1. State yes or no: is A276 more than 15 Å from I101 (Cβ to Cβ) and aliphatic (A, V, I, L, M)?
2. Going through the range 259-290 one residue at a time, which ones are closer than 18 Å to Y168 by Cα, in contact with a strand residue (DSSP E or B) (Cβ under 7 Å, 6 or more places away or on another chain) and β-branched (V, I, T)?
3. Here are E227, E184: which of them is surrounded by fewer than 23 Cβ atoms within 10 Å (Cβ to Cβ), modelled with pLDDT of 95 or more and either of a type in the set (S, T, Y) or within 30 Å of E64 (Cβ to Cβ) (or both)?
4. Exactly one of these conditions fails for G226: (1) touching a helix residue (DSSP H, G or I) at 6+ places or on another chain (Cβ under 6 Å); (2) under 25 Å from A276 (Cβ atoms). Give me its number.
5. For the range 23-30, does any single residue satisfy the condition of being at pLDDT 95 or above, touching a Gly at 6+ places or on another chain (Cβ under 8 Å) and in a strand (DSSP E or B)?
6. Working carefully through the options P26, P57, find the one that is more than 20 Å from S105 (Cα to Cα), surrounded by 22 or more Cβ atoms within 10 Å (Cβ to Cβ), within 17 Å of the chain's Cα centre (by Cα) and of a type outside the set (S, T, Y).
7. Among residues belonging to the range 269-287 that are loosely packed, with under 13 Cβ neighbours inside 10 Å and modelled with pLDDT under 95, point out the one that is nearest to A185 (Cα to Cα).
8. Could you give me the residue pairs with C-beta distances under 7 Å whose first residue belongs to the range 13-26 and is among the β-branched types (V, I, T), whose second residue is modelled with pLDDT under 95 wherever it lies, and which are 6+ apart or on separate chains?
Amino acid sequence: MLTPVSTITEHEARQVAEANASGRTPVVFIHGLWLLGGSWDRWSEHFEAAGYAALSPGWPDDPETVDAANEHPEVFAGKGIEDVADHYEEIIKGLDAKPAIVGHSFGGLLTEILAGRGLAAVSVAISPAPFRGVLPLPISALRSSAPVLGNPLNRNRAVPLTYDQFRYAFANAVREDEAQALYEAFAVPAPGEPLFQAATANLNPWTEAKVDSENPERGPLLIIAGERDHTVPFAIANASFKREERNEGVTEIVTIPGRGHALTIDSGWREVADTALDFVRRFAPVPVGQG
């Protein structure tokens, strides 16, 4: 039997080693489509200052920088949900302690998948992409995903967003100048396959876009929704919450007023980070003297 080839990069392995050496509770941040792990840099600093060991691994083959990502978009193509979930599982299993997991958008869905595998001490899914059993499909969500789903050939491609598409899907709740700055600083191409998988999840019993929401080892879960989110409107976040609420563990949902899908990277990121941090602290507190 062939041993699976590791997808962990040197940078990610170093993050794991540093987290283990610190003796602190690890927090694994998971980005979504059209962003990179660096989009969590301010969050990592914030959680480190609170006493945690922060890790922000990328998806398999993610470039290190936005410039590199935009120069070589082909590296993103062909990544499915299970490929990415297995990558993060390998990273998490290298940690000495079960981590808190915090994810945004498709990273939120991955957070729920990994928590459903029993890998999280506590988890926070921010504007999570829908999984099998989540039925609402608001018009704004369809419009946000249209740049990918509008062409079936995009399933195996890497697809960038134009500024106008990013403005609608991510940055509708901020000023024009901030939206432009966010686009230039953070936006990268994304694999089309995960969106197709999520879009057809309720038609495919074997979909990779599924969550074991009833696993008693799931741990406490918080879902955070943005009030003005076009990509994951409250109806989708709330439907995910209703599915997760079947779990015997703590399941909560909170809406951040006036915020869109860029709520983890825009100028109001600190409010969202504090909401997540407060929840993590409740169930994975920092030992006295480390915070």
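1. no
2. Matches in the range 259-290: T264 only.
3. Criteria check complete, one pass: E184.
4. (1)
5. Within the range 23-30, one or more residues are at pLDDT 95 or above, touching a Gly at 6+ places or on another chain (Cβ under 8 Å) and in a strand (DSSP E or B).
6. Within the list P26, P57, the selection yields P26.
7. P285
8. Here the result reads T25/A284; T25/V286, each pair linking the range 13-26 to a residue that is modelled with pLDDT under 95.
The values are calculated or read from the model by the stated rules, or taken from the named source; none is laboratory data. The shown structure was predicted, so the numbers you read here are calculated from the model rather than taken from an experiment. Don't worry about glycine lacking a Cβ; one is built from the backbone with ideal geometry, like all the others, and counts go over all protein chains shown.
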